[in-house]
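The values are calculated or read from the model by the stated rules, or taken from the named source; none is laboratory data. Since the structure is predicted, the reported quantities are computational estimates derived from the model, not experimental observations. Heads up, the Cβs are rebuilt from the backbone with ideal geometry, glycines too, and the neighbour counts pull from every protein chain shown. Accessible surface is based on the protein model in full, side chains and every heavy atom, while ligands, DNA and RNA are left aside. Shrake-Rupley method; radii C 1.70, N 1.55, O 1.52, S 1.80 Å.
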Amino acid sequence: GKKLGYTFNHGNLHNVSLGQGQEVVAEQALDVAAKEGHWVILQNIHLVAKWLSSLEKRLEQLSQGSHRDFRVFLSAEPAPCPESHIIPQGILENCIKITSEAPTGIHANLHKALDNFSQDTLEMCSQEKEFRSILFALCYFHAVVAERRKFGPQGWNRPYPFSTGDLTISVNVLYNYLQASSKVPYDDLRYLVGEIMYGGHITDDWDRRLCRTYLEEFIKPEMLEGELCLAPGFPLPGNMDYNGYHQYIDDALPPESPYLYGLHPNAEIGFLTQRSERLLRTVLELQPRDSSTGQGAVGTQEEMVQALLEEMLEKLTDEFNMAELLARVEERTPYAVVALQECERMNALTAELRRSLAELELGLKGELTMTSEMETLQSCLFLGTVPESWLRRSYPSTASLASWFADLLARISELEAWTRDFSLPSTLWLGGFFNPQSILTAVMQSTARKNRWPLDRMALQCDVTKKSREDFASAPREGAYVHGLFMEGARWDAQAGTITEARLKELTPAMPVVFIRAVPDDKQDTRGLYPCPLYKTRQRGPTYVWTFNLKTKENPSKWVLAGVALLLQI
(Lines give C-alpha, C1' and ligand atoms only; values in the text may rest on other atoms or scores of the structure.)
Protein backbone atom coordinates (compact mmCIF):
# COMPACT_ATOMS: atom_id res chain seq x y z
CA GLY A 1 0.00 0.00 0.00
CA LYS A 2 2.76 2.45 0.91
CA LYS A 3 4.64 1.66 -2.33
CA LEU A 4 1.50 2.57 -4.31
CA GLY A 5 1.29 5.85 -2.45
CA TYR A 6 -1.86 4.64 -0.67
CA THR A 7 -2.80 6.22 2.67
CA PHE A 8 -5.07 4.04 4.83
CA ASN A 9 -7.90 5.30 6.98
CA HIS A 10 -11.18 3.89 8.31
CA GLY A 11 -12.95 4.96 5.14
CA ASN A 12 -10.82 3.19 2.51
CA LEU A 13 -9.86 -0.03 4.37
CA HIS A 14 -12.71 -2.48 5.09
CA ASN A 15 -11.72 -5.22 7.55
CA VAL A 16 -14.41 -7.92 8.01
CA SER A 17 -13.97 -10.95 10.30
CA LEU A 18 -16.33 -13.60 8.91
CA GLY A 19 -18.60 -15.90 10.88
CA GLN A 20 -21.74 -15.09 12.90
CA GLY A 21 -23.68 -13.65 9.93
CA GLN A 22 -21.05 -11.19 8.65
CA GLU A 23 -21.48 -12.29 5.00
CA VAL A 24 -23.90 -9.43 4.20
CA VAL A 25 -21.43 -6.88 5.65
CA ALA A 26 -18.68 -8.41 3.50
CA GLU A 27 -20.79 -8.17 0.32
CA GLN A 28 -21.61 -4.50 1.01
CA ALA A 29 -17.93 -3.75 1.65
CA LEU A 30 -16.93 -5.41 -1.65
CA ASP A 31 -19.48 -3.36 -3.63
CA VAL A 32 -18.37 -0.04 -2.09
CA ALA A 33 -14.66 -0.85 -2.42
CA ALA A 34 -14.98 -1.89 -6.08
CA LYS A 35 -16.51 1.52 -6.97
CA GLU A 36 -14.26 3.70 -4.79
CA GLY A 37 -10.96 1.85 -5.18
CA HIS A 38 -10.76 0.75 -1.53
CA TRP A 39 -9.12 -2.33 -0.03
CA VAL A 40 -11.09 -5.17 1.58
CA ILE A 41 -9.71 -7.70 4.08
CA LEU A 42 -11.93 -10.76 4.64
CA GLN A 43 -10.63 -12.81 7.59
CA ASN A 44 -11.41 -16.47 8.43
CA ILE A 45 -13.17 -17.39 5.18
CA HIS A 46 -12.90 -21.06 6.24
CA LEU A 47 -15.75 -20.39 8.72
CA VAL A 48 -18.31 -19.64 5.96
CA ALA A 49 -18.08 -22.68 3.68
CA LYS A 50 -21.60 -22.28 2.22
CA TRP A 51 -20.99 -18.63 1.24
CA LEU A 52 -17.71 -19.25 -0.61
CA SER A 53 -19.39 -20.14 -3.94
CA SER A 54 -21.27 -16.79 -3.78
CA LEU A 55 -17.97 -15.04 -3.00
CA GLU A 56 -16.35 -16.73 -6.01
CA LYS A 57 -19.11 -15.44 -8.34
CA ARG A 58 -19.03 -11.94 -6.80
CA LEU A 59 -15.23 -11.67 -7.25
CA GLU A 60 -15.55 -12.85 -10.84
CA GLN A 61 -18.14 -10.10 -11.53
CA LEU A 62 -16.07 -7.40 -9.78
CA SER A 63 -12.92 -8.33 -11.71
CA GLN A 64 -14.47 -6.49 -14.70
CA GLY A 65 -15.00 -2.71 -14.63
CA SER A 66 -13.93 -2.07 -11.01
CA HIS A 67 -11.67 0.77 -9.84
CA ARG A 68 -7.98 0.14 -10.65
CA ASP A 69 -6.96 0.48 -6.95
CA PHE A 70 -9.54 -2.07 -5.73
CA ARG A 71 -7.89 -4.99 -3.85
CA VAL A 72 -9.24 -7.97 -1.87
CA PHE A 73 -7.25 -9.89 0.79
CA LEU A 74 -8.52 -13.23 2.12
CA SER A 75 -7.25 -15.19 5.14
CA ALA A 76 -8.03 -18.76 6.22
CA GLU A 77 -6.75 -21.38 8.63
CA PRO A 78 -4.97 -24.36 7.01
CA ALA A 79 -7.22 -27.39 6.48
CA PRO A 80 -6.43 -30.35 8.78
CA CYS A 81 -7.01 -32.92 6.00
CA PRO A 82 -7.71 -33.05 2.22
CA GLU A 83 -11.46 -33.57 2.83
CA SER A 84 -11.59 -30.15 4.52
CA HIS A 85 -10.32 -28.25 1.46
CA ILE A 86 -13.38 -26.03 0.90
CA ILE A 87 -12.01 -22.89 -0.81
CA PRO A 88 -13.30 -22.94 -4.45
CA GLN A 89 -10.78 -23.59 -7.18
CA GLY A 90 -11.72 -20.35 -8.98
CA ILE A 91 -10.65 -18.24 -5.99
CA LEU A 92 -7.40 -20.18 -5.53
CA GLU A 93 -6.45 -19.91 -9.23
CA ASN A 94 -6.92 -16.12 -9.33
CA CYS A 95 -5.15 -15.37 -6.02
CA ILE A 96 -1.55 -14.66 -5.19
CA LYS A 97 -1.10 -17.17 -2.37
CA ILE A 98 1.01 -16.48 0.71
CA THR A 99 1.33 -19.06 3.50
CA SER A 100 2.55 -18.45 7.02
CA GLU A 101 4.68 -21.45 7.91
CA ALA A 102 5.25 -22.11 11.61
CA PRO A 103 8.94 -21.75 12.53
CA THR A 104 10.90 -24.94 13.08
CA GLY A 105 13.39 -25.57 15.86
CA ILE A 106 13.69 -24.08 19.35
CA HIS A 107 15.80 -21.12 18.13
CA ALA A 108 13.15 -19.79 15.73
CA ASN A 109 10.26 -20.66 18.07
CA LEU A 110 11.88 -18.88 21.02
CA HIS A 111 12.48 -15.72 18.96
CA LYS A 112 8.89 -15.87 17.72
CA ALA A 113 7.54 -16.31 21.26
CA LEU A 114 9.53 -13.28 22.43
CA ASP A 115 8.28 -11.26 19.41
CA ASN A 116 4.82 -11.19 21.05
CA PHE A 117 6.21 -8.71 23.59
CA SER A 118 8.27 -5.49 23.61
CA GLN A 119 10.49 -3.33 25.84
CA ASP A 120 7.28 -1.72 27.14
CA THR A 121 6.04 -5.16 28.28
CA LEU A 122 9.25 -5.74 30.24
CA GLU A 123 8.91 -2.40 32.02
CA MET A 124 5.22 -2.57 32.94
CA CYS A 125 5.52 -4.63 36.15
CA SER A 126 6.68 -3.23 39.51
CA GLN A 127 8.49 -6.53 40.33
CA GLU A 128 10.69 -6.15 37.27
CA LYS A 129 13.34 -8.84 37.90
CA GLU A 130 10.79 -11.55 38.76
CA PHE A 131 8.51 -10.59 35.86
CA ARG A 132 11.30 -10.66 33.27
CA SER A 133 12.74 -13.98 34.46
CA ILE A 134 9.38 -15.76 34.49
CA LEU A 135 8.36 -14.19 31.14
CA PHE A 136 11.52 -15.55 29.48
CA ALA A 137 10.97 -18.97 31.09
CA LEU A 138 7.37 -18.97 29.76
CA CYS A 139 8.65 -18.11 26.26
CA TYR A 140 11.04 -21.08 26.42
CA PHE A 141 8.26 -23.31 27.77
CA HIS A 142 5.99 -22.23 24.89
CA ALA A 143 8.69 -22.91 22.28
CA VAL A 144 9.39 -26.37 23.72
CA VAL A 145 5.76 -27.55 23.99
CA ALA A 146 4.93 -26.25 20.48
CA GLU A 147 7.94 -27.85 18.79
CA ARG A 148 8.01 -31.11 20.80
CA ARG A 149 5.17 -32.53 18.66
CA LYS A 150 7.67 -33.22 15.83
CA PHE A 151 8.95 -36.18 17.87
CA GLY A 152 5.59 -37.93 17.42
CA PRO A 153 4.13 -40.04 20.26
CA GLN A 154 7.39 -39.84 22.25
CA GLY A 155 6.94 -36.06 22.22
CA TRP A 156 3.20 -35.86 22.94
CA ASN A 157 0.75 -38.77 23.03
CA ARG A 158 -1.61 -36.56 21.01
CA PRO A 159 -0.89 -33.35 19.03
CA TYR A 160 -2.32 -30.14 20.56
CA PRO A 161 -3.05 -26.71 19.03
CA PHE A 162 -0.95 -24.58 21.40
CA SER A 163 -1.04 -20.96 20.17
CA THR A 164 0.58 -17.59 20.92
CA GLY A 165 -2.70 -16.67 22.63
CA ASP A 166 -1.90 -19.22 25.36
CA LEU A 167 1.45 -17.50 25.93
CA THR A 168 0.16 -13.90 25.96
CA ILE A 169 -2.71 -14.75 28.33
CA SER A 170 -0.25 -16.57 30.64
CA VAL A 171 1.95 -13.43 30.73
CA ASN A 172 -1.12 -11.30 31.54
CA VAL A 173 -1.92 -13.65 34.44
CA LEU A 174 1.72 -13.39 35.59
CA TYR A 175 1.53 -9.56 35.52
CA ASN A 176 -1.74 -9.46 37.50
CA TYR A 177 -0.41 -11.86 40.16
CA LEU A 178 2.90 -10.03 40.63
CA GLN A 179 1.17 -6.64 40.86
CA ALA A 180 -1.17 -7.99 43.55
CA SER A 181 1.43 -9.81 45.67
CA SER A 182 4.92 -9.06 46.98
CA LYS A 183 5.80 -12.80 46.92
CA VAL A 184 5.91 -14.82 43.71
CA PRO A 185 3.05 -17.39 43.88
CA TYR A 186 4.92 -20.18 42.06
CA ASP A 187 2.32 -22.91 42.74
CA ASP A 188 -0.58 -20.73 41.55
CA LEU A 189 1.26 -19.71 38.37
CA ARG A 190 2.22 -23.30 37.52
CA TYR A 191 -1.36 -24.43 38.07
CA LEU A 192 -2.96 -21.68 35.98
CA VAL A 193 -0.51 -22.06 33.09
CA GLY A 194 -0.17 -25.86 33.17
CA GLU A 195 -3.73 -26.92 33.98
CA ILE A 196 -5.79 -24.10 32.42
CA MET A 197 -4.02 -21.96 29.79
CA TYR A 198 -2.06 -24.79 28.16
CA GLY A 199 -3.65 -27.70 30.05
CA GLY A 200 -7.06 -26.73 28.66
CA HIS A 201 -5.96 -28.18 25.30
CA ILE A 202 -4.57 -31.39 26.80
CA THR A 203 -6.79 -34.50 26.84
CA ASP A 204 -4.26 -37.19 27.86
CA ASP A 205 -3.24 -37.67 31.52
CA TRP A 206 0.38 -38.51 30.63
CA ASP A 207 0.63 -35.36 28.48
CA ARG A 208 -0.78 -33.36 31.39
CA ARG A 209 1.97 -34.81 33.61
CA LEU A 210 4.58 -33.79 31.02
CA CYS A 211 3.26 -30.21 30.82
CA ARG A 212 3.18 -29.97 34.62
CA THR A 213 6.75 -31.32 34.89
CA TYR A 214 8.13 -28.75 32.42
CA LEU A 215 6.65 -25.95 34.53
CA GLU A 216 7.99 -27.47 37.76
CA GLU A 217 11.47 -27.44 36.19
CA PHE A 218 11.24 -23.93 34.66
CA ILE A 219 9.23 -21.90 37.21
CA LYS A 220 10.62 -22.28 40.73
CA PRO A 221 12.42 -20.09 43.33
CA GLU A 222 15.90 -21.08 42.06
CA MET A 223 15.22 -19.08 38.88
CA LEU A 224 15.84 -15.80 40.74
CA GLU A 225 19.12 -17.05 42.24
CA GLY A 226 20.83 -17.66 38.88
CA GLU A 227 20.89 -21.42 39.40
CA LEU A 228 18.33 -22.51 36.79
CA CYS A 229 19.15 -24.09 33.42
CA LEU A 230 16.28 -24.25 30.92
CA ALA A 231 18.26 -26.88 28.98
CA PRO A 232 21.78 -28.37 29.29
CA GLY A 233 24.14 -25.45 28.61
CA PHE A 234 21.39 -22.81 28.51
CA PRO A 235 21.02 -20.94 31.84
CA LEU A 236 18.03 -18.69 32.41
CA PRO A 237 19.32 -15.15 31.58
CA GLY A 238 19.46 -12.43 34.20
CA ASN A 239 17.79 -9.01 34.03
CA MET A 240 18.16 -7.72 30.43
CA ASP A 241 16.35 -5.38 28.08
CA TYR A 242 14.21 -6.66 25.18
CA ASN A 243 16.95 -6.62 22.51
CA GLY A 244 19.34 -8.13 25.03
CA TYR A 245 17.10 -11.21 25.36
CA HIS A 246 17.01 -11.68 21.57
CA GLN A 247 20.81 -11.33 21.47
CA TYR A 248 21.16 -13.81 24.36
CA ILE A 249 19.16 -16.42 22.39
CA ASP A 250 21.49 -16.02 19.39
CA ASP A 251 24.64 -16.14 21.54
CA ALA A 252 23.86 -18.70 24.26
CA LEU A 253 21.27 -21.20 22.92
CA PRO A 254 23.00 -24.51 22.01
CA PRO A 255 22.43 -25.97 18.50
CA GLU A 256 19.07 -27.69 17.85
CA SER A 257 18.98 -31.16 19.43
CA PRO A 258 16.58 -33.36 21.43
CA TYR A 259 18.51 -32.33 24.60
CA LEU A 260 16.79 -28.91 24.42
CA TYR A 261 13.47 -30.69 25.05
CA GLY A 262 14.77 -33.03 27.76
CA LEU A 263 14.74 -35.92 25.23
CA HIS A 264 17.51 -38.38 24.33
CA PRO A 265 19.12 -38.08 20.83
CA ASN A 266 17.53 -41.46 19.97
CA ALA A 267 14.16 -39.66 19.83
CA GLU A 268 15.35 -37.84 16.69
CA ILE A 269 16.55 -41.08 15.08
CA GLY A 270 13.13 -42.62 15.76
CA PHE A 271 11.04 -39.84 14.24
CA LEU A 272 13.32 -39.43 11.18
CA THR A 273 13.15 -43.20 10.56
CA GLN A 274 9.35 -43.17 10.73
CA ARG A 275 9.19 -40.17 8.40
CA SER A 276 11.43 -41.99 5.89
CA GLU A 277 9.28 -45.12 6.11
CA ARG A 278 6.14 -43.08 5.36
CA LEU A 279 7.81 -41.48 2.35
CA LEU A 280 8.98 -44.85 0.97
CA ARG A 281 5.52 -46.35 1.61
CA THR A 282 3.95 -43.54 -0.45
CA VAL A 283 6.45 -44.08 -3.29
CA LEU A 284 5.66 -47.83 -3.25
CA GLU A 285 1.92 -47.16 -3.41
CA LEU A 286 2.44 -44.97 -6.51
CA GLN A 287 4.18 -47.79 -8.41
CA PRO A 288 2.32 -49.39 -11.36
CA ARG A 289 0.70 -52.66 -10.24
CA ASP A 290 0.16 -54.78 -13.35
CA SER A 291 3.56 -54.60 -15.04
CA SER A 292 6.08 -57.37 -14.48
CA THR A 293 8.37 -56.60 -11.57
CA GLY A 294 11.54 -57.04 -13.59
CA GLN A 295 13.98 -59.71 -14.75
CA GLY A 296 13.92 -62.83 -12.62
CA ALA A 297 11.12 -61.53 -10.41
CA VAL A 298 8.10 -63.54 -9.30
CA GLY A 299 5.87 -62.06 -11.99
CA THR A 300 2.71 -60.04 -11.94
CA GLN A 301 0.88 -58.75 -8.92
CA GLU A 302 -1.71 -61.57 -9.18
CA GLU A 303 0.95 -64.30 -9.18
CA MET A 304 2.67 -62.78 -6.14
CA VAL A 305 -0.61 -62.45 -4.24
CA GLN A 306 -1.67 -66.01 -5.19
CA ALA A 307 1.62 -67.43 -3.86
CA LEU A 308 1.35 -65.42 -0.64
CA LEU A 309 -2.26 -66.31 0.17
CA GLU A 310 -1.63 -70.03 -0.48
CA GLU A 311 1.31 -69.87 1.96
CA MET A 312 -0.80 -68.05 4.60
CA LEU A 313 -3.74 -70.48 4.31
CA GLU A 314 -1.34 -73.40 4.65
CA LYS A 315 0.29 -71.98 7.83
CA LEU A 316 -2.99 -70.99 9.55
CA THR A 317 -3.88 -73.57 12.20
CA ASP A 318 -7.39 -74.80 12.97
CA GLU A 319 -9.58 -72.73 15.27
CA PHE A 320 -9.65 -73.55 18.98
CA ASN A 321 -12.42 -76.02 19.88
CA MET A 322 -14.12 -73.99 22.61
CA ALA A 323 -16.43 -76.83 23.77
CA GLU A 324 -13.44 -79.12 24.25
CA LEU A 325 -11.46 -76.40 26.09
CA LEU A 326 -14.38 -75.66 28.44
CA ALA A 327 -14.65 -79.37 29.27
CA ARG A 328 -10.93 -79.45 30.05
CA VAL A 329 -11.07 -76.56 32.56
CA GLU A 330 -11.30 -78.02 36.08
CA GLU A 331 -11.68 -74.71 37.89
CA ARG A 332 -12.55 -71.37 36.29
CA THR A 333 -9.74 -69.41 37.90
CA PRO A 334 -9.16 -65.80 36.77
CA TYR A 335 -6.24 -67.07 34.64
CA ALA A 336 -8.39 -69.77 32.97
CA VAL A 337 -11.09 -67.19 32.15
CA VAL A 338 -8.47 -64.97 30.46
CA ALA A 339 -7.15 -67.92 28.43
CA LEU A 340 -10.68 -68.79 27.19
CA GLN A 341 -11.43 -65.16 26.27
CA GLU A 342 -8.17 -64.93 24.32
CA CYS A 343 -9.00 -68.15 22.44
CA GLU A 344 -12.44 -66.81 21.47
CA ARG A 345 -10.94 -63.59 20.12
CA MET A 346 -8.26 -65.51 18.24
CA ASN A 347 -10.96 -67.68 16.65
CA ALA A 348 -12.82 -64.59 15.41
CA LEU A 349 -9.61 -63.23 13.86
CA THR A 350 -8.41 -66.45 12.21
CA ALA A 351 -11.94 -67.16 10.86
CA GLU A 352 -11.91 -63.74 9.14
CA LEU A 353 -8.44 -64.42 7.70
CA ARG A 354 -9.48 -67.82 6.40
CA ARG A 355 -12.76 -66.53 4.91
CA SER A 356 -11.28 -63.47 3.17
CA LEU A 357 -8.20 -65.33 1.82
CA ALA A 358 -10.31 -68.24 0.48
CA GLU A 359 -12.72 -65.74 -1.14
CA LEU A 360 -9.86 -63.85 -2.81
CA GLU A 361 -8.35 -67.14 -4.05
CA LEU A 362 -11.63 -67.98 -5.79
CA GLY A 363 -11.75 -64.45 -7.21
CA LEU A 364 -8.25 -64.72 -8.67
CA LYS A 365 -9.17 -68.06 -10.28
CA GLY A 366 -12.22 -66.43 -11.88
CA GLU A 367 -14.74 -68.52 -9.92
CA LEU A 368 -16.10 -65.45 -8.03
CA THR A 369 -16.69 -61.87 -9.14
CA MET A 370 -14.03 -59.58 -7.65
CA THR A 371 -15.59 -57.16 -5.14
CA SER A 372 -14.04 -53.91 -3.87
CA GLU A 373 -13.27 -55.69 -0.56
CA MET A 374 -11.37 -58.42 -2.41
CA GLU A 375 -9.45 -55.83 -4.47
CA THR A 376 -8.48 -53.99 -1.28
CA LEU A 377 -7.21 -57.26 0.25
CA GLN A 378 -5.25 -58.04 -2.93
CA SER A 379 -3.66 -54.58 -2.85
CA CYS A 380 -2.72 -54.97 0.85
CA LEU A 381 -1.13 -58.39 0.25
CA PHE A 382 0.89 -56.93 -2.64
CA LEU A 383 2.04 -53.88 -0.66
CA GLY A 384 2.73 -55.89 2.51
CA THR A 385 0.24 -54.03 4.75
CA VAL A 386 -2.34 -55.51 7.13
CA PRO A 387 -5.92 -55.14 5.74
CA GLU A 388 -8.36 -52.99 7.71
CA SER A 389 -10.88 -55.84 8.04
CA TRP A 390 -8.22 -57.92 9.85
CA LEU A 391 -7.05 -55.05 12.07
CA ARG A 392 -10.62 -54.45 13.28
CA ARG A 393 -10.68 -57.96 14.79
CA SER A 394 -7.02 -57.82 15.78
CA TYR A 395 -4.86 -55.90 18.29
CA PRO A 396 -3.04 -52.58 17.76
CA SER A 397 0.04 -53.12 15.61
CA THR A 398 2.40 -51.04 13.48
CA ALA A 399 4.08 -54.08 11.86
CA SER A 400 4.23 -54.94 8.17
CA LEU A 401 2.10 -57.87 6.97
CA ALA A 402 4.94 -60.45 7.11
CA SER A 403 5.90 -59.48 10.69
CA TRP A 404 2.25 -59.25 11.75
CA PHE A 405 1.45 -62.75 10.42
CA ALA A 406 4.57 -64.30 12.04
CA ASP A 407 3.53 -62.58 15.31
CA LEU A 408 0.00 -64.00 14.93
CA LEU A 409 1.33 -67.56 14.56
CA ALA A 410 3.53 -67.06 17.65
CA ARG A 411 0.49 -65.89 19.65
CA ILE A 412 -1.48 -68.97 18.54
CA SER A 413 1.29 -71.35 19.63
CA GLU A 414 1.52 -69.58 23.05
CA LEU A 415 -2.23 -70.04 23.53
CA GLU A 416 -2.02 -73.71 22.43
CA ALA A 417 0.70 -74.38 25.02
CA TRP A 418 -1.25 -72.59 27.77
CA THR A 419 -4.59 -74.34 27.09
CA ARG A 420 -3.14 -77.88 27.17
CA ASP A 421 -3.62 -78.00 30.95
CA PHE A 422 -4.45 -74.34 31.79
CA SER A 423 -1.54 -74.06 34.23
CA LEU A 424 0.06 -70.61 34.17
CA PRO A 425 3.18 -70.53 31.89
CA SER A 426 6.52 -70.04 33.66
CA THR A 427 6.73 -66.57 32.07
CA LEU A 428 3.87 -64.78 30.31
CA TRP A 429 4.37 -63.02 26.96
CA LEU A 430 2.36 -59.94 27.87
CA GLY A 431 2.51 -58.55 24.32
CA GLY A 432 0.87 -61.74 23.03
CA PHE A 433 -2.55 -60.91 24.51
CA PHE A 434 -5.43 -59.19 22.74
CA ASN A 435 -6.21 -57.61 26.10
CA PRO A 436 -3.08 -57.41 28.31
CA GLN A 437 -5.06 -55.61 31.05
CA SER A 438 -7.08 -58.79 31.59
CA ILE A 439 -4.11 -60.91 32.70
CA LEU A 440 -2.79 -58.11 34.96
CA THR A 441 -6.24 -57.81 36.55
CA ALA A 442 -6.30 -61.62 36.93
CA VAL A 443 -3.05 -61.39 38.97
CA MET A 444 -4.83 -59.02 41.38
CA GLN A 445 -8.01 -61.13 41.48
CA SER A 446 -6.08 -64.34 42.31
CA THR A 447 -4.15 -62.66 45.13
CA ALA A 448 -7.30 -60.96 46.45
CA ARG A 449 -9.18 -64.30 46.62
CA LYS A 450 -6.26 -66.13 48.18
CA ASN A 451 -5.66 -63.52 50.93
CA ARG A 452 -9.26 -62.24 51.15
CA TRP A 453 -8.21 -58.66 50.41
CA PRO A 454 -10.59 -56.09 48.84
CA LEU A 455 -9.82 -55.85 45.12
CA ASP A 456 -10.41 -52.09 44.93
CA ARG A 457 -7.65 -51.46 47.48
CA MET A 458 -4.93 -53.33 45.67
CA ALA A 459 -2.15 -52.32 43.32
CA LEU A 460 0.39 -54.12 41.17
CA GLN A 461 4.00 -54.09 42.27
CA CYS A 462 6.59 -54.45 39.55
CA ASP A 463 10.00 -55.96 40.42
CA VAL A 464 12.49 -56.19 37.55
CA THR A 465 14.58 -59.38 37.82
CA LYS A 466 18.12 -59.86 36.50
CA LYS A 467 17.16 -62.91 34.40
CA SER A 468 15.78 -63.69 30.93
CA ARG A 469 12.81 -65.99 30.23
CA GLU A 470 15.01 -69.09 29.68
CA ASP A 471 16.10 -68.91 33.34
CA PHE A 472 12.58 -69.60 34.68
CA ALA A 473 11.28 -73.16 34.87
CA SER A 474 7.96 -72.55 36.64
CA ALA A 475 5.49 -69.80 37.50
CA PRO A 476 5.76 -68.08 40.92
CA ARG A 477 3.42 -69.13 43.76
CA GLU A 478 1.80 -65.68 43.68
CA GLY A 479 1.75 -63.20 40.82
CA ALA A 480 3.36 -63.82 37.41
CA TYR A 481 6.65 -63.51 35.57
CA VAL A 482 6.30 -61.39 32.43
CA HIS A 483 8.63 -61.19 29.41
CA GLY A 484 8.62 -59.33 26.10
CA LEU A 485 8.73 -55.73 27.39
CA PHE A 486 10.84 -52.99 25.76
CA MET A 487 11.84 -49.56 27.04
CA GLU A 488 11.80 -46.40 24.90
CA GLY A 489 13.58 -43.18 25.91
CA ALA A 490 15.98 -44.86 28.38
CA ARG A 491 17.24 -48.35 29.30
CA TRP A 492 17.21 -50.65 32.31
CA ASP A 493 20.52 -51.17 34.14
CA ALA A 494 20.13 -54.77 35.33
CA GLN A 495 23.17 -54.65 37.64
CA ALA A 496 22.15 -51.44 39.43
CA GLY A 497 18.44 -52.29 39.22
CA THR A 498 17.43 -48.79 38.04
CA ILE A 499 16.49 -46.81 34.92
CA THR A 500 19.52 -45.20 33.28
CA GLU A 501 20.47 -43.15 30.21
CA ALA A 502 19.87 -44.91 26.88
CA ARG A 503 22.78 -45.92 24.65
CA LEU A 504 22.97 -44.12 21.32
CA LYS A 505 21.15 -45.94 18.48
CA GLU A 506 19.55 -48.47 20.87
CA LEU A 507 16.02 -47.15 20.46
CA THR A 508 14.02 -49.82 22.30
CA PRO A 509 16.25 -52.08 24.44
CA ALA A 510 14.60 -55.23 25.81
CA MET A 511 13.76 -55.50 29.50
CA PRO A 512 14.67 -58.50 31.69
CA VAL A 513 11.79 -60.63 33.00
CA VAL A 514 9.50 -58.62 35.26
CA PHE A 515 7.87 -60.10 38.37
CA ILE A 516 4.32 -58.75 38.76
CA ARG A 517 2.52 -59.25 42.06
CA ALA A 518 -0.43 -57.66 43.84
CA VAL A 519 -0.06 -55.80 47.15
CA PRO A 520 -2.42 -53.66 49.26
CA ASP A 521 -2.06 -50.13 47.84
CA ASP A 522 -1.17 -48.66 51.26
CA LYS A 523 1.90 -50.98 51.39
CA GLN A 524 3.39 -49.47 48.23
CA ASP A 525 6.51 -47.37 48.70
CA THR A 526 6.56 -44.65 46.03
CA ARG A 527 9.89 -43.02 46.96
CA GLY A 528 12.61 -43.19 44.32
CA LEU A 529 10.19 -44.56 41.74
CA TYR A 530 9.24 -43.40 38.26
CA PRO A 531 5.58 -44.18 37.38
CA CYS A 532 6.22 -45.58 33.89
CA PRO A 533 3.30 -45.99 31.43
CA LEU A 534 3.08 -49.27 29.53
CA TYR A 535 1.75 -49.11 25.93
CA LYS A 536 0.95 -51.79 23.36
CA THR A 537 2.78 -50.04 20.47
CA ARG A 538 5.05 -47.06 19.73
CA GLN A 539 1.92 -45.11 18.76
CA ARG A 540 1.26 -44.81 22.52
CA GLY A 541 -1.86 -42.70 23.26
CA PRO A 542 -4.92 -44.99 23.14
CA THR A 543 -2.79 -48.17 23.41
CA TYR A 544 -2.11 -47.52 27.13
CA VAL A 545 -2.21 -50.68 29.28
CA TRP A 546 -0.95 -50.06 32.85
CA THR A 547 1.48 -48.08 35.01
CA PHE A 548 4.58 -49.84 36.39
CA ASN A 549 6.62 -48.11 39.12
CA LEU A 550 10.31 -48.48 38.23
CA LYS A 551 13.27 -47.67 40.51
CA THR A 552 15.34 -44.59 39.68
CA LYS A 553 18.32 -42.93 41.37
CA GLU A 554 17.74 -39.73 39.38
CA ASN A 555 14.81 -37.34 39.72
CA PRO A 556 11.74 -38.95 38.04
CA SER A 557 11.15 -35.64 36.19
CA LYS A 558 14.16 -36.49 33.98
CA TRP A 559 12.34 -39.57 32.64
CA VAL A 560 9.04 -37.69 32.28
CA LEU A 561 10.68 -35.10 30.00
CA ALA A 562 12.52 -37.87 28.12
CA GLY A 563 9.19 -39.54 27.32
CA VAL A 564 10.28 -42.84 28.88
CA ALA A 565 7.73 -45.65 28.47
CA LEU A 566 7.50 -49.44 28.31
CA LEU A 567 6.25 -51.04 25.08
CA LEU A 568 4.79 -54.46 24.29
CA GLN A 569 5.65 -54.28 20.58
CA ILE A 570 8.35 -52.53 18.58
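Checking the cross-link pairs 467/558; 315/505; 35/57; 150/466; 129/220; 112/183 against a 25 Å limit on the alpha carbon distance flags 467/558; 315/505; 150/466; 112/183 as lying beyond it.
Measuring r between the beta carbons of residue 92 and residue 348 and using R0 = 45 Å, the FRET efficiency lands at 0.40. Accessible area per residue was computed with a 1.4 Å probe on protein heavy atoms; residue 525 scores about 80 Å². Compared with the direct C-alpha span, the chain from residue 240 to residue 277 gains 8.8 nm at full extension, assuming 0.36 nm per residue.
Rank 124, 458 by accessible area, highest first, at a 1.4 Å probe radius?
Numbers: 124 75, 458 20 Å².
Result of the area sort, largest leading: 124, 458.
In region 106-265, the portion of solvent-accessible area held by carbon and sulfur atoms comes to 50 percent [1.4 Å probe, whole percent, DNA, RNA and ligands not counted]. Look at where the Cα atoms of region 122-191 and of region 54-70 average out, and the two centres are 45 Å apart. For region 300-423, the share of accessible area belonging to carbon and sulfur comes to 50 percent (1.4 Å probe, ligands and nucleic acids excluded).
Quick one: if you take sqrt(5λ) for each eigenvalue of the C-alpha gyration tensor of the chain, what semi-axes come out, biggest first, whole angstrom?
Numbers: eigenvalues 532, 301, 86 Å².
Square roots of five times the eigenvalues give 52, 39, 21 Å.
One chain, two ends: residue 79 and residue 115. Fully extended at 0.36 nm per residue, the span grows by 10.4 nm beyond their Cα-Cα distance.
Taking the Cα centre as origin and putting +1 on Lys and Arg beta-carbons and -1 on Asp and Glu beta-carbons, what dipole magnitude results for the chain, to the nearest 20 debye? Before the final figure, lay out the partial values.
Working: 57 positive and 73 negative charges, 170 e Å.
With Lys and Arg at +1 and Asp and Glu at -1, about 820 debye.
Take the Cβ atoms of residue 468 and residue 331, set R0 to 41 Å, and the FRET efficiency comes out at 0.85. Between beta-carbons, use under 14 Å as the cut-off and find the net charge around residue 513, counting Lys and Arg +1, Asp and Glu -1. Spelling it out: positives minus negatives among the neighbours equals +1. Once the mean of 1/r is taken over each pair of separate Cα atoms and inverted, region 472-570 shows a Kirkwood hydrodynamic radius of 14.3 Å. Extension gain for the segment residue 68 to residue 403, taken as residue separation times 0.36 nm less the Cα-Cα distance, is 114.1 nm to one decimal. I'd like the distance separating the alpha-carbon centroids of region 193-210 and region 334-354, in whole Å. Centre-to-centre distance over Cα atoms comes out at 38 Å. Take the chain with all the other protein chains still there, run a 1.4 Å probe, and you get 52 Å² of accessible area per residue.
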